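**Student:** Please read through the structure below; I'll follow up with questions.
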Amino acid sequence: MEQKLSQIQKDYLKKIQSAPNLKVLDEIFLELFGKNGVVNKLSEEFPKVPKEERPKVGPLFNRIKKELEAVIADKRTAIREEGYKKLETEKFVLQPGRLQAKRQGHLHPVTKLEQETIELFKRLGFQQFSAPHIDTDEYNFELLNIPKGHPARDLWDTLYIDYPGYAPGKLLLRTHTSNAQVRSMREFGTPLRMMIIDRCFRYENLDARHEHTLEQFEIVYVDKGVSMANLQYLSEYFLKAVLGKNTKVRMRPKYYPFVEPGAGVDGQCLFCEGKGCKVCGWTGWLELAGAGMIHPQVLKNGGIDPNEYSGIAWGFGPERMAMLKYGIEDIRIFKSGNLKALNKIHERKKPISPAKIAEPEGDVL
Ligand code: FA5
């Protein structure tokens, strides 16, 4: 054993001294001290060493081990210092950097669609409005004919927030942009052409069409003589502008407590061309908006006399529209942060082109 130790010491001191660079030195270090290295292997042989030799071999082993470790550390420092010296004396010729294509950012496809939507409705005289994301139960539910215990609250369940000054259950993350309806009526009165585009939150079962954090676009139009015909016109005007002239749009009766009558506005599913697929839930249609004539009680809540004025409200999901527009089968891609996927959508660039759709003739609203 003693002989073996001295041989290892002799061989490795030589190897270490002649190591030309850090890479070779690291290899030597592993050869010696790695899991299956010489030192470990040797220590496994200890039990075989005769008892009388052990008091001598043990300390010798430790001394040689320490010596080799120290020599490696010194050699590492020496190689580094030599490298620094070389750097100081060597002359470098700097090459011009390679010209790389500039990486350009771009707006999120849903943001683009929203901006284009705002432009479309500005042309019809709608004014942009904003309402709080964290709102009271009153504006999100009560003033929209959804009192406590109303079944519609289950559909629009959300997160409630405890905050000093508010009773439990009073503050919530708004579930729809309809929280802007009564607010805008109270702020601007009549006649009113208001639009809001913003984020909403829901306690939702997530799937290809449902997100827990979603965008909504909503308009409120109140004036004398406003009717469902205006709603039909606006739906077609908008959906054809976004999705193309040949888009099939349908309106069907749908219940919302704050409108009467209420309607669901659907676009024909572009994925299956109306035949039915998993994206549209096998119906052939994708629900894009909820709408209707504003309920007289909601007008009253907004300080408007329903005997004199009538109004329409209409709220759709920009993400659902973007799914149809860009051919996206799963809504979750939009907020996934998956840049590769978002860049691909961006490359499909299909901007809304108001110029290509018929200008409204006269004041159609
Ligand atoms: C509402 O939110 C009503 N406030 C809309 C409304 C406004 C009705 C004015 C009447 C008058 P609804 O829950 O159906 O209704 O949602 C409206 C649209 O938002 C849907 O058609 C859909 O396009 C979109 N949407 C709803 N839930 C989600 C979701 N979880 N993920 C993505 N988009 C959604």
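**Student:** Principal axis lengths of the chain from Cα atoms, whole Å, largest first?
**Tutor:** 112, 55, 45
**Student:** Tell me, how many Å apart are the Cα centres for the stretch 306-335 and for the stretch 1-54?
**Tutor:** 73
**Student:** Quote to one decimal, in nm, the extra length available between residue 329 and residue 161 on full extension: 0.36 nm per residue of separation minus the C-alpha distance between them.
**Tutor:** That works out to 57.1 nm of additional length.
**Student:** Between 15, 112, 275, which gets the highest mean-square fluctuation from a Gaussian network model of the chain, Cα cutoff 10 Å?
**Tutor:** 15
**Student:** Same structure again: How much mean residue ellipticity at 222 nm does the chain get from its helices, if each DSSP H run of length 4 or more adds -39500 (n - 2.57) and you divide by all residues, to the nearest 500 deg cm²/dmol?
**Tutor:** My calculation for the chain gives -12000 deg cm²/dmol from helical runs alone.
**Student:** Go through 30, 83, 8 and say which Cα lies farthest out towards the positive end of the charge dipole of the stretch 2-89; charges sit on Cβ, +1 for Lys and Arg, -1 for Asp and Glu.
**Tutor:** Positive-end residue among those listed: 8.
**Student:** If the cut-off is a Cα-Cα distance under 19 Å, which aspartates and glutamates reach residue 340, setting aside same-chain residues fewer than 8 apart in sequence?
**Tutor:** Qualifying aspartates and glutamates at Cα under 19 Å: 319, 329, 330.
**Student:** How high is the relative contact order of the stretch 264-338? Use alpha-carbon pairs under 8 Å, at least six apart in sequence, and give a whole percent.
**Tutor:** Dividing the mean separation by the residue count of the stretch 264-338 yields 27 percent.
**Student:** How high is the relative contact order of the chain, given as a whole-number percent (alpha carbon pairs under 8 Å, six or more residues apart)?
**Tutor:** Once normalised by length, the contact order is 14 percent.
**Student:** Kindly state, to the nearest 0.05, the FRET efficiency for residue 106 paired with residue 154, given R0 = 30 Å and r defined as their beta-carbon distance.
**Tutor:** Step by step, r from the Cβ atoms, then E = 0.15.
**Student:** If you don't mind, there's one more thing I want to ask. Report the Cα centroid-to-centroid distance between the stretch 67-115 and the stretch 219-252 in angstrom, as an integer.
**Tutor:** 58
**Student:** What do you get for trypsin sites (Lys or Arg not before Pro) in the stretch 57-96 restricted to DSSP loop and a cutoff of at most 12 other Cβ within 10 Å of the site's Cβ?
**Tutor:** Counting only loop positions with at most 12 other Cβ atoms within 10 Å, the trypsin sites (Lys or Arg not before Pro) in the stretch 57-96 are 91.
**Student:** Quick one: divide the alpha-carbon radius of gyration of the stretch 262-328 by 2.2 N^0.38 Å and tell me what you get.
**Tutor:** 1.49
**Student:** Which residue, 140, 306, 242, has the largest displacement toward the positive end of the dipole of the chain when charges sit on each Cβ (Lys, Arg +1; Asp, Glu -1)?
**Tutor:** Checking the options against the dipole of the chain, the answer is 242.
**Student:** Want the number for residue 13 to residue 73: 0.36 nm per residue separation, take away the alpha-carbon distance, what's left?
**Tutor:** 20.4 nm
**Student:** Restricting the calculation to Cα positions, tell me the Rg (one decimal) and the Dmax (whole number) of the stretch 2-89 in Å.
**Tutor:** 15.6, 58
**Student:** Treating only the Cβ atoms of Lys and Arg (+1) and Asp and Glu (-1) as charged, compute the dipole magnitude of the stretch 109-356 about its Cα centre; round to the nearest 20 debye.
**Tutor:** Once rounded to the nearest 20, the dipole reads 960 debye.
**Student:** Give me the net charge of residue 143's neighbourhood, meaning all other residues with Cβ under 11 Å from the Cβ of residue 143; Lys, Arg count +1, Asp, Glu -1.
**Tutor:** -1
**Student:** Can you list the cysteines of the chain that have no other Cys Cβ under 4.7 Å away?
**Tutor:** 200
**Student:** So, one more: In straight Cα distance, which lysines are under 20 Å from residue 224, not counting same-chain residues fewer than 8 positions off?
**Tutor:** 300
We did not get these values from a lab; they are worked out from the coordinates using the rules stated. The shown structure was predicted, so the numbers you read here are calculated from the model rather than taken from an experiment. FYI the Cβ positions are ideal-geometry reconstructions off the backbone, even for glycines, and counts take in every protein chain you see.
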